[in-house]
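Asks: Here you go, one structure.
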Amino acid sequence: KHLPEVLDLVSRAVKSGHSVQTAFNLAGQQAQHPVRDEFAVLSGQIRFGLNFRDALLQMSERIPTQDLCFFVTAVLVQRETGGNLPQVLDRTTHMIRERIRILGDMKVKTAQGRMSGAVLVLMPIGLALVMRVLTPTWLDPLLNDPIGHLMLYYAATSLLTGGFLVYLITRSKV
């Protein structure tokens, strides 16, 4: 969540005339906690002689998120082909923010489906528990008869399959 702010910080530092290494160092000092530590490690690796490309690739391996991979790819492509780094960072930041916004919208729009799936999976279990408390002998045929065991296995399999399908339908992937 803090990556776009760090990219803005790096972009502003480069726009003001700092080198990329100094910008990463500033990000390692001034950013929010989880991202600050990684940029401090990145800055330290570059300062102690690790190749810029290798340091960025190691950071993307330590934090295997798609947004960070976008950032690393954009910076590496810019360094190889040239161009305006602040503009590349600004566009990457915009793209990451849009991805976060769209992911939030998708979670909101699939919340009803997720809740319906949870209710549909938990309702038979809750109903069985209530019936067991109200009428303890009502479930005896299911619990004592071999055919009742098969019916319970089928019901459990159906509930798990239905819950998994609801999960697949409502999961958000951007």
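The values are calculated or read from the model by the stated rules, or taken from the named source; none is laboratory data. No experiment lies behind these values; they were computed from the predicted model shown. Cβ atoms come from the backbone with ideal geometry, glycine included; neighbour counts cover every protein chain shown. Each accessible area value is taken on the protein alone, full model and side chains, heavy atoms only, with ligands, DNA and RNA left out. Shrake-Rupley method; radii C 1.70, N 1.55, O 1.52, S 1.80 Å.
Asks: Specify the angular offset, from 0 to 90 degrees and rounded to the nearest 10, of the alpha carbon long axis of helix 66-81 from the longest principal axis of the alpha carbons in the chain.
Replies: 30 degrees
Asks: For LEU122 and ARG36 in one chain, what is 0.36 nm times their gap in residues minus the Cα-Cα distance, to one decimal in nm? Write down the numbers at each step before the final one.
Replies: Details: separation 86, 0.36 × 86 = 30.96 nm, distance 4.22 nm.
Stretched fully, the LEU122-ARG36 segment lengthens by 26.7 nm.
Asks: In Å, what is the Rg of the alpha-carbon atoms in region 1-84, and how long is Dmax?
Replies: 11.7, 32
Asks: Please give the length that would be gained between GLN58 and THR73 if that part of the chain were fully extended, namely 0.36 nm times their separation in residues minus their C-alpha to C-alpha distance (nm, one decimal).
Replies: Full extension of this stretch gives 4.2 nm more.
Asks: In whole percent, what relative contact order does the chain give with Cα contacts below 8 Å and a gap of six or more residues?
Replies: Contact order relative to length: 19 percent.
Asks: So how far, in whole Å, is the C-alpha centre of region 111-127 from the one of region 26-56?
Replies: 45 Å
Asks: Quantify, in whole percent, the carbon and sulfur part of the accessible surface of region 1-102 (1.4 Å probe; protein heavy atoms only).
Replies: After summing per-atom areas, the C and S share lands at 53 percent.
Asks: Right, next: So how far apart, in nm, are the two label points at GLU5 and THR157 if each is 7 Å from Cα heading toward Cβ?
Replies: Taking the two extended label points, one gets 5.1 nm.
Asks: Pick the calculated Rg/Rh (Cα atoms, Kirkwood Rh) for this structure from (1) 1.09; (2) 0.98; (3) 1.30?
Replies: It is the value labelled (3).
Asks: Within the chain, which is the longest segment containing none of the trypsin sites (Lys or Arg not before Pro) that sit in a DSSP loop and have at most 13 other Cβ atoms within 10 Å? Walk me through the intermediate numbers first.
Replies: Details: sites that count: LYS1, ARG171, LYS173.
In the chain, the maximal stretch lacking such sites is 2-170.
Asks: Angle, helix 3-15 long axis vs. longest principal axis of the chain, Cα atoms, 0 to 90°, nearest 10?
Replies: 10 degrees
Asks: Calculate, in nm to one decimal, what LEU134 and LEU103 gain on full extension: separation in residues at 0.36 nm each, minus their alpha carbon distance.
Replies: Working: separation 31, 0.36 × 31 = 11.16 nm, distance 4.41 nm.
Result: 6.7 nm gained on full extension.
Asks: Shifting gears a bit: With a cut-off of at most 15 other beta carbons within 10 Å, and DSSP calling the residue loop, which chymotrypsin sites (Phe, Trp or Tyr not before Pro) in region 42-138 qualify? Please list them. The partial results should precede the final answer.
Replies: Values: sites: PHE48, PHE52, PHE70, PHE71, TRP138; in loops: PHE48, TRP138.
Answer in residue order: PHE48, TRP138.
Asks: Probe of 1.4 angstrom, ligands and nucleic acids ignored: what's the accessible area per residue over the chain, in square angstrom?
Replies: Details: 11360 Å² over 174 residues.
Normalised by residue count, the accessible surface of the chain is 65 Å².
Asks: Could you estimate the translational diffusion coefficient of region 24-63 from the Stokes-Einstein equation, with Rh from the Kirkwood formula over C-alpha pairs, at 25 °C and 0.890 mPa s, in whole µm²/s?
Replies: Working: Rh = 9.8 Å.
Once the numbers are plugged in, D ends up at 250 µm²/s.
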